[in-house]
1. Please figure out what share of the DSSP beta bridges in the chain is antiparallel and state it in percent, rounded to the nearest 5.
2. Tell me the relative contact order for the chain as a rounded percent, counting alpha carbon contacts under 8 Å between residues six or more apart.
3. Among residues other than Thr53 whose Cβ falls under 13 Å from its Cβ, what is the net charge (Lys/Arg +1, Asp/Glu -1)?
4. Treating only the Cβ atoms of Lys and Arg (+1) and Asp and Glu (-1) as charged, compute the dipole magnitude of the range 280-385 about its Cα centre; round to the nearest 20 debye.
5. Quick one: angle between helix 325-336 and the longest Cα principal axis of the chain, in degrees between 0 and 90, rounded to 10, please.
6. May I ask you to give the solvent-accessible area per residue for the range 1-120, in square angstrom, as obtained with a 1.4 angstrom probe?
7. Quick one: dipole size for the chain, taken about the Cα centre, charges +1 on Lys/Arg Cβ and -1 on Asp/Glu Cβ, in debye to the nearest 20.
8. Charges on Cβ only, +1 for Lys and Arg, -1 for Asp and Glu, centred on the Cα centroid of the chain; of His365, Gly185, Leu402, which one is farthest towards the dipole's positive end?
Amino acid sequence: MIVARHLSLAVPLLAVLAAARLERDRNVRAAALLAFVAGAVGIAALDEAARRTGWYAFAPVRGAYRGLPVDLWIGWAALWGPLPMLLRRVLPLPLALGLLLWFDAVAMPALHPLVRLGPHWLVGEAVGLLVVALPAQLLGRWCADRRHLTARALLQVGLFAALLLWFVPTLAFELGDGSWAGLTGLPASRLLLVAQVALLVATPALAAVREFAVRGGGTPYPWDPPRRLVTTGPYAYLANPMQLGAVALVLLTAAVTGSLALAGAGAVAVAFAAAVAGPHEEHDLAGRYPEGWRAYRGRIRNWWPRWRPYSSGPDAVLWLDDGCGPCAAVWRFLARRRPAGLALRPAATHDRVLRRAEYVGGDGHRERGVSAVARALEHVHLGWALAGWTLRLPGVAWLAQLVTDAMIAPPHPANARRAGAGEAGTQVAGAGEAGTRGEGCPTPSSASWTAPSPRSGSTASPGSRPVPSPPPPG
């Protein structure tokens, strides 16, 4: 068994080193490292499932993690992660998966008695290739070639979540104190409360990942970074929302499970971020964005957020139908709080027909409907920004839009008056009239749903220029 263990580690690692000599690109090698981590975490999870289903097991040996020999684990992760990825130019993905299946089908029986196969071990092998090897390959290949931005960002989120919420705690419990019983033994009501707190803690980090993707064109992985400096969303309040969210989740898990070892891991993560990752990131960003980064870091802290957002560059614009009751209420709500870096404009003055509210960032980024209003909340202060990030979570945004369309303000042509001007002749609302601009919104008028004051542009003629909201302070 000793020879088998040595070979299971040495052969894959030597193959990876040989493949790395053929691929000199630093970013591709970094993507291979990410594929290795994905493979290692996935194989550890697969081993947990195999022990429960009887697919396979390992002989009791020294140097094992929860029954999985570490040398076999590393070699297996190298085969399923970086090796096929580094050879991606000559090894298409279907062929790579087929070769992995063939190799494992030959190697695993040959590793007896180190590996003890169950009657349905090939089922476990197929499951492993689909849920571990395939995602690891896609993640590595897409990051290396910078393709499928949304998909690779989601895969990274899944990997980092598995690391933070399962692998690191399990490792801390194995080597130190605490156990999952502290969490699984909670009553359903308390477990739901913990889940809600965890989601609240994770929301800024998830919003930051999305900001990297949609505004920066990159991902959280340091070797797959945004192509532009991102200072919007959570980054308007804090320089490292993802690191802070990760540490907070680890500490929350440590508190619930009663693990001092896991709390120590959180402290080590903070020290690493402050002493290693932080200076490296600042040096890199200062070199790529010298002026913008210097101005940004002069106003934003690493671990303590601002209350009001940092704003630079052109103002964002939120277009609202000021003749619609709910939209007018949103206008007044935002205007009273003097949002930073945001101008409010009547949708009737837009250059095209809008059926929902529209947000246009200073960089040209656009969002509509509930997501547009949620974006506007980021310009108020940290409390409302957190509400906006929550509204834009996957699933939450869809549900909120569905409720809004069905019960509050269905989609309607906000600038119907101007659109129909050619057919109806001169159709201009008087100073005391609502005009046809609000006719598309079925919400009844009431004293509480009044339109904004005339300075909002609700009585402007069809050809008039839009009048922005009062400029924010600073």
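The values are calculated or read from the model by the stated rules, or taken from the named source; none is laboratory data. In this text the structure is predicted, and so the values were computed from the model without any measurement. As a convention, Cβ positions derive from the backbone with ideal geometry for all residues, glycine included, and neighbour counts pool all protein chains shown. Each accessible area value is taken on the protein alone, full model and side chains, heavy atoms only, with ligands, DNA and RNA left out. Shrake-Rupley method; radii C 1.70, N 1.55, O 1.52, S 1.80 Å.
1. Values: 11 of 16 bridges.
So the antiparallel bridges amount to about 70 percent of the total.
2. Numbers: 715 pairs, mean separation 56.3, N = 474.
Value for the chain: 12 percent.
3. Numbers: positive: Arg51, Arg52; negative: Asp47, Glu48, Glu125.
In short, -1.
4. On the way: 18 positive and 12 negative charges, 77 e Å.
About 360 debye.
5. Compared with the principal axis, the helix lies near 80 degrees.
6. Values: 6110 Å² over 120 residues.
Per residue, the range 1-120 has an accessible area of 51 Å².
7. 760 debye
8. Of the candidates, His365 comes out farthest on the positive side.
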